[in-house]
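Since every read-out is calculated from the coordinates, none of them should be taken as a lab result. Bear in mind the structure is a predicted one, so any value in this text is a computation, not a measurement. Heads up, the Cβs are rebuilt from the backbone with ideal geometry, glycines too, and the neighbour counts pull from every protein chain shown.
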Amino acid sequence: MTTPVISVNGLRCRYGDFEAVRGVDFDVHAGELFALLGTNGAGKTTTLETIEGHRAPTGGAVRVFGQDPRRDRSVRRRIGIMLQEGGFAGDLTVLETARLGAALTSRKSDVDESLAAVGLAARRETRVKQLSGGERRRLDLALALLGDPDLLFLDEPTTGMDPESRRATWEMVRARLARGTTVLLTTHYLEEAERLAHRLAIMHQGHIAVSGRLVDVLASQQARISFDPGDRVELPSLAGTVTWTGTRVEIRTPALQRDLHALLSWADGRLDLAGLRAHQASLEDIFQSVRQEVAVP
């Protein structure tokens, strides 16, 4: 089996008496996008900073390309990091900022290619302070792409972007994955993780509450069917659990297709299922279930 690009084993991080990360384990493999999600204060940022080599762990071990990211300088030559805030000098132009970023990396970089990849070629002579919030995020991304890194850390990459720019960024990330780049993504946009991630982990209270392939994580939660028959009626036998709120009914079911077929067959010629909705679980459902977990001792 090939060595994971990122390997996190028993990671613990402490701030004084407070343990922010409490025994985290996961791997990220070459060419995949791994989404690290988390509730507020879950320890996600501390975990990310440790993997990037900015912070020493209190316990456990982190390896990137098989090396310690804090001690082995070869690791830094192979990674690109998009931080939540770039801290740009406002009076520099977009081009000057990109050239400065290129000068600070040991990788051979094509500044024009990176700016074009994020749609900022036409803004190259614009001062950074005149950019919109979404454009600044795209400039952050351009700097992370300099030198075509093997591993990309994308920390909230589309915050502040308009929908068109967000979709363009998703396509750019998919193109990088197709070229074999490995990506570790953090995001508060759950739709973003659903669209891009091969695997994911959701952190809560310093530990990983849920992890695995996206399809398996979604399948771990029951599907939902809801409708309003106009009055309380006796429903057919269903695999799911039925809850009434007034005249509206919600069914949580492990067998969406079977229960939906039973309901439609039962209702045919009898009544209308007003406002009928049926859907598999979403990441939002998973996230809400994680939020309700009892704190881990």
Just to be sure I understand: of the beta bridges DSSP finds with both ends in the chain, what percent are antiparallel, rounded to 5?
65
So how do HIS198, HIS188 line up by other beta-carbon neighbours within 10 Å, fewest first?
HIS188, HIS198
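In region 222-280, how does Rg compare with the Kirkwood Rh, expressed as the Rg/Rh ratio over alpha carbon atoms? If you can, show how the numbers build up before the last one.
Numbers: Rg = 10.2 Å, Rh = 11.3 Å.
Here Rg/Rh amounts to 0.91.
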Inter-part distance where region 106-149 and region 215-288 are each reduced to a Cα centre, Å:
47
Using a 10 Å cut-off around each Cβ, can you sort SER237, SER165, SER282 from fewest to most neighbouring Cβ atoms?
SER237, SER282, SER165
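Counting other Cβ atoms within 10 Å, which trypsin sites (Lys or Arg not before Pro) in region 247-297 have at most 14 and lie in a DSSP loop? If you can, show how the numbers build up before the last one.
Numbers: sites: ARG248, ARG252, ARG258, ARG270, ARG277, ARG291; in loops: ARG270.
Answer in residue order: ARG270.
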Using just the alpha carbons, could you tell me how many Å³ per residue the convex hull of region 1-152 encloses?
131
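Quick one: compute the contact order of region 22-134, relative version, from alpha carbon pairs under 8 angstrom and 6+ residues apart, as a percent. List each step's numbers first, then the result.
Values: 72 pairs, mean separation 20.0, N = 113.
Computed over region 22-134, the figure is 18 percent.
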Please state the relative contact order of region 222-280 as a whole percent: Cα pairs under 8 Å, 6+ residues apart?
49
Say the dipole of region 222-280 comes from +1 at the beta carbon of Lys and Arg and -1 at that of Asp and Glu; which of VAL242, HIS279, GLY269 then lies farthest toward its positive end?
HIS279
Give the shape of region 171-216 as rounded, prolate or oblate, defined through the alpha-carbon gyration tensor: a ≥ b ≥ c are the square roots of its eigenvalues, a/c under 1.5 means rounded, and otherwise the shape is prolate if a/b is larger than b/c and oblate if not.
prolate
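Within the chain, which is the longest segment containing none of the GluC sites (Glu not before Pro) that sit in a DSSP loop and have at most 12 other Cβ atoms within 10 Å?
The segment 126-233 is the longest one with no such site.
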